[in-house]
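Where a number appears in this text, it was derived from the coordinates with a stated rule and is not lab data. This is a predicted model, so every value here is computed, not measured. Every residue, glycine among them, receives a Cβ derived from its backbone with ideal geometry; neighbour counts consider all protein chains shown.
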Amino acid sequence: MSKPDRFFLAGVMGWPVMHSRSPMLHNYWFQKHGLAGSYVPLAIRPEGLKAALRALAPLGFAGCNLTIPHKQEAMTIVDEVDRLAKSIGAISCVVVRPDGSLAGTNNDCYGFIHSIKQERPYWRADAGPAVVVGAGGGARAVCYGLIQEGVKEIRLLNRSAERAKAIADEFGGPIKPLPWEQRNDAMEGAALVVNTTSQGMVGQPALDIKLDKLATSALVADIIYIPLETPFLAAARKRGNRTINGLGMLLHQARPAWKAWFGIEPDVTAELRAMVEKTI
Ligand SMILES: NC(=O)c1ccc[n+]([C@@H]2O[C@H](COP(=O)([O-])OP(=O)(O)OC[C@H]3O[C@@H](n4cnc5c(N)ncnc54)[C@H](OP(=O)(O)O)[C@@H]3O)[C@@H](O)[C@H]2O)c1
C-alpha cells in the first residue's frame with residue numbers, strides 16, 4: 001500500500017515522445033499495485049537533456065526511461081553507466097539513487113529475452129544458429145541477450161557492413177558478420193531470425209529479405225511493434241513459421257525498471273498486453 005506522504009514519479013524522455021506506449025503500461029501497474037504515482041511523457045529536446053536529467057532528483061522522480069534520440073547522449077551525462085549499458089552502447093533506463101546521483105542501465109536486452117521466454121517457453125538458445133538483421137542499438141541489445149543465453153552462432157547482417165563488424169569486434173565469440181548480399185542465404189539452418197532494423201515500421205518500406213531457405217520450424221521475431229505484424233512477420237507466418245512481435249520486448253523491459261525504482265516486480269499480463277495492443 002502506498003504511503004500517504006509519497007507520490008511516486010517516473011517518466012520517459014524522448015523527442016518526440018507522445019507516441020510512446022510507456023505511460024499507459026506504467027500507469028496500469030501503478031493502479032494494479034495500489035501505488036499513488038504517475039508515469040509521464042517528457043518531451044525533451046536534445047539540447048535540454050542534461051538539465052532534464054539533473055532535474056529528476058530535485059523533482060522527486062525515481063528515474064526515467066529514455067527513447068530516441070537520447071539513449072546514447074545520456075551516457076555522457078549520468079554519473080554511472082553499468083557494464084551492460086556500456087556494452088550495448090546505450091542507456092534505456094535511469095535510476096535516481098538515494099544521494100541524488102544518476103545510474104544508467106539498459107533493459108532492452110532483458111525485454112527481448114523475457115518476451116521470447118514468456119511467449120515461446122519451449123525456446124532453447126542451443127536449438128541452432130540465430131540470424132540477426134540490423135546492427136543498431138536494438139541489434140546490440142538482442143545480440144547481447146542471445147549470447148548471455150548461450151546461442152553459439154549469430155549470423156549478423158547489416159546494410160552497412162562496418163556496424164556489424166564493430167559489434168563482432170566488441171562482442172566477439174558467436175557473432176559472425178556476413179555481407180548484406182548474403183542475407184537470403186544466411187537463413188539456411190537457422191533456428192531463430194530477428195529483424196532489428198527499422199524496415200517494416202509504420203511509414204517505412206518492408207525489410208528486403210527472402211525467407212525461402214528458412215526451415216518452417218524456425219522462430220521469427222521482429223522488435224518493431226508498430227505495426228504489430230510487420231510485412232516480414234506476415235511473410236514468416238504465411239509460410240508456417242511461429243512469430244513474435246516487438247510488443248513483448250517493450251512490456252518486459254519495463255519490469256526491471258520498476259524493480260529498481262519502486263522495489264516491485266510487476267507482471268506482463270494478458271490484460272496489459274491487450275490494453276496496449278488496442279492502441280496500436
Ligand atoms: N520493442 C522494443 O522495445 C524496441 C526496442 C528498441 C528498438 N526497437 C525498434 O527497433 C528498430 C530499430 O531501432 P534501433 O534503435 O536499433 O535503431 P538504429 O540504431 O537507428 O538502427 C537502425 C537499423 O536499421 C537499419 N536500416 C535502416 N534503414 C535500412 C534500409 N533501408 N535497409 C536495411 N537496413 C536499414 C540500419 O542499417 P544501417 O546501419 O545500414 O543504417 C540499422 O541497422 C526501430 O523500429 C525501433 O522502434 C524496438
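Would a scan of the range 239-258 turn up a residue that is in contact (Cβ under 8 Å) with a residue 60 or more places away in the chain, among the aromatic types (Phe, Trp, Tyr) and touching a helix residue (DSSP H, G or I) at 6+ places or on another chain (Cβ under 7 Å)? Looking through the range 239-258, at least one residue is in contact (Cβ under 8 Å) with a residue 60 or more places away in the chain, among the aromatic types (Phe, Trp, Tyr) and touching a helix residue (DSSP H, G or I) at 6+ places or on another chain (Cβ under 7 Å).
Which residues, counting only those in the range 221-230, are within 13 Å of the ligand (Cβ to nearest atom) and surrounded by fewer than 24 Cβ atoms within 10 Å (Cβ to Cβ)?
First pass over the range 221-230, keeping only residues within 13 Å of the ligand (Cβ to nearest atom): 221-228, 230.
Result: Tyr225, Ile226, Pro227, Leu228.
Would you confirm whether any residue within the range 193-210 is farther than 25 Å from Asn107 by Cβ, among the hydroxyl-bearing types (Ser, Thr, Tyr) and either in contact with a Leu (Cβ under 7 Å, 6 or more places away or on another chain) or in contact (Cβ under 8 Å) with a residue 24 or more places away in the chain (or both)? Within the range 193-210, not a single residue is farther than 25 Å from Asn107 by Cβ, among the hydroxyl-bearing types (Ser, Thr, Tyr) and either in contact with a Leu (Cβ under 7 Å, 6 or more places away or on another chain) or in contact (Cβ under 8 Å) with a residue 24 or more places away in the chain (or both). Inspect all residues belonging to the range 107-122 and state whether any of them is farther than 21 Å from Glu170 by Cα, out of contact with any strand residue (DSSP E or B) (no Cβ under 7 Å at 6 or more places or on another chain) and part of a loop (DSSP other than H, G, I, E, B). The answer is yes, given that some residue of the range 107-122 is farther than 21 Å from Glu170 by Cα, out of contact with any strand residue (DSSP E or B) (no Cβ under 7 Å at 6 or more places or on another chain) and part of a loop (DSSP other than H, G, I, E, B). Evaluation of Glu170 against the conditions (1) on the phi < 0 side of the Ramachandran plot; (2) within 11 Å of the ligand (Cβ to nearest atom); (3) in contact with a helix residue (DSSP H, G or I) (Cβ under 8 Å, 6 or more places away or on another chain) shows that the sole unmet condition is (2).
Give the residue that is farthest from the chain's Cα centre (by Cα), with candidates limited to residues of the range 96-131 that are among the hydrophobic types (A, V, I, L, M, F, W, C) and under 17 Å from Tyr225 (Cα atoms). This residue is Ile116.
Of all residues in the range 149-162, at least one satisfies being out of contact with any helix residue (DSSP H, G or I) (no Cβ under 7 Å at 6 or more places or on another chain) and within 8 Å of the ligand (Cβ to nearest atom). Checked against (1) surrounded by 20 or more Cβ atoms within 10 Å (Cβ to Cβ); (2) assigned to a loop (DSSP other than H, G, I, E, B), Leu146 passes all but condition (2).
Going through (1) closer than 23 Å to Thr105 by Cα; (2) free of Cβ contacts under 8 Å to residues at least 60 places away in the same chain; (3) not polar (S, T, N, Q) one by one, Glu170 falls short only on (2).
Is one or more of the residues making up the range 92-108 more than 15 Å from the ligand (Cβ to nearest atom) and under 27 Å from Met201 (Cα atoms)? Yes, the range 92-108 has at least one match.
Only one entry of Ala218, Ala270, Ala234 meets the criterion of being surrounded by 16 or more Cβ atoms within 10 Å (Cβ to Cβ) and either among the aliphatic types (A, V, I, L, M) or in contact (Cβ under 8 Å) with a residue 24 or more places away in the chain (or both), and that entry is Ala218.
Tally the residues that are at negative phi and within 14 Å of the ligand (Cβ to nearest atom), restricting the search to the range 187-209. Write out each step before concluding.
Pass one, the range 187-209, residues at negative phi: 187-188, 190-199, 201-202, 204-209.
Within this subset, residues satisfying the condition of being within 14 Å of the ligand (Cβ to nearest atom) are 194-199, 201-202, 204-209.
Going through the range 187-209 one residue at a time, the tally reaches 14.
Summed over the range 73-91, residues that are more than 14 Å from the chain's Cα centre (by Cα), within 16 Å of the ligand (Cβ to nearest atom) and under 16 Å from Arg140 (Cα atoms) total 2.
Residues of the range 31-53 being more than 24 Å from Pro266 (Cβ to Cβ) and free of Cβ contacts under 8 Å to residues at least 24 places away in the same chain, which ones? Correct list: Glu47, Gly48, Ala51.
Restricting the search to the range 22-38, which residues are in a loop (DSSP other than H, G, I, E, B) and either of a type in the set (Gly, Ala, Ser) or crowded, with 20+ Cβ neighbours inside 10 Å (or both)? Explain how you work it out, then say what you get.
Of the residues in the range 22-38, the ones in a loop (DSSP other than H, G, I, E, B) are 33-36.
Hits for the range 22-38 are Gly34, Ala36.
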